[in-house]
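As structure tokens, the structure follows; a few thoughts come after it.
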Amino acid sequence: MFYLIGLGLGDVDDITVKGLNVVKGASRVYLEAYTSILTVGKEALEEFYGREVILADRDMVEQDSDTLLDNADKEDVAFLVVGDPLGATTHSDLIIRATEKNIKYKVIHNASIMNAVGCCGLQLYNFGETVSIVFWEENWKPESFYDKIMKNKSSGMHTLCLLDIKVKEQTVENMMRGRKIYEPPRYLTVNRASEQLLEIIRNRKQSGDEKVLDENTACIGLARVGTDAQKLCAGTLEQMQHVDIGGPLHSLVIAGDLHPLETDMMKLFAVNSEFLSLIKDK
């Protein structure tokens, strides 16, 4: 059997009992290591599980899946994913490849940011399409995520923005020269994501587009959700540029129409009294 096992969002002991039993009995255990991070490293997982864990980077998962699936028709192989295996980043491609090889598979679910975002107090069924905000580069500044946020906002829906992660990335030069030299990991913060959104807003204003978002749009910044170091901060999009919610991983919620209970919850995380005044009548 090929198992896809969710690890949850926090520490080593967030794995389910069912998932832990599979890990302990599997012939090989892989850890997907490029779409998210845990608060602990591979070594802590190995100590907790009492066995070796093999890191599976993007190249292995996307280009060398045969290694992952090798002998999975004869023995149990576990593939560990932070959060839920079919949550924010799906691994349905592995399921399809396993099925094509007549390998049985099983998914063991866990918490992911897709449902844990409820900690911010906004009701899950009032969220629209989830979007990903990518790092802008000097000559590459896509805006497609903004259009999706605007579509949600115009319908009164909240938007969960998943912020970019750069792990095991190469420069263009190293890639062209075939050099396996990788850049240090980078994680998009709510501050930089807010700056990018505000720049798009300014550009759209200049082009005469109808305004849906502005500097005073209510937002919630989330960091390290599901861990003991979880931190939430509610403020305007303008204020989100300057908040300090610590290290990764960050997510950003753009609020839509607010129910009174949602407003009360946002007040718990307000950055200052100015923001409290702004949302008190919403």
Condition set open to solvent by 10 Å² or more (accessible area, probe 1.4 Å), among the acidic types (Asp, Glu) and within 16 Å of Gly221 (Cα to Cα), scope segment 238-263, selection farthest from the chain's Cα centre (by Cα): answer is Glu238
request  = Answer yes or no: is there a residue in segment 191-206 that is open to solvent by less than 50 Å² (accessible area, probe 1.4 Å), modelled with pLDDT of 90 or more and assigned to a loop (DSSP other than H, G, I, E, B).
outcome  = no
Taking segment 36-55 and keeping only residues that are modelled with pLDDT of 85 or more and either more than 28 Å from His250 (Cα to Cα) or not in a loop (DSSP other than H, G, I, E, B) (or both), one is left with Glu43, Ala44, Leu45, Glu46, Glu47, Phe48, Tyr49, Gly50, Arg51, Glu52, Ile54, Leu55
The condition of being under 15 Å from the mean Cα position of the chain (by Cα) and farther than 18 Å from Asp13 by Cβ holds, among Ile54, Ile113, Ile95, Ile103, only for Ile113
Sole miss for Leu69 among (1) open to solvent by less than 30 Å² (accessible area, probe 1.4 Å); (2) modelled with pLDDT under 90 is condition (2)
Per the list (1) at pLDDT below 90; (2) at negative phi; (3) open to solvent by 70 Å² or more (accessible area, probe 1.4 Å); (4) assigned to a loop (DSSP other than H, G, I, E, B), residue check on Lys168 breaks on (2)
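Condition check ((1) within 23 Å of Val131 (Cβ to Cβ); (2) in contact with a Phe, Trp or Tyr (Cβ under 6 Å, 6 or more places away or on another chain)) across all residues:
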position	(1), (2)
Glu75	no, no
Ala78	no, yes
Gly83	yes, no
Leu86	yes, no
Ser92	yes, no
Thr99	no, no
Asn102	no, no
Lys106	no, yes
Ile113	yes, no
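The values are calculated or read from the model by the stated rules, or taken from the named source; none is laboratory data. Remember, it's a predicted structure, so these values are computed and weren't measured experimentally. No Cβ is skipped: glycine too gets one built from the backbone with ideal geometry, and neighbour counts run over all protein chains shown. For the accessible areas, the whole protein counts, side chains as well, though only heavy atoms, and no ligand, DNA or RNA atoms are used. Shrake-Rupley method; radii C 1.70, N 1.55, O 1.52, S 1.80 Å.
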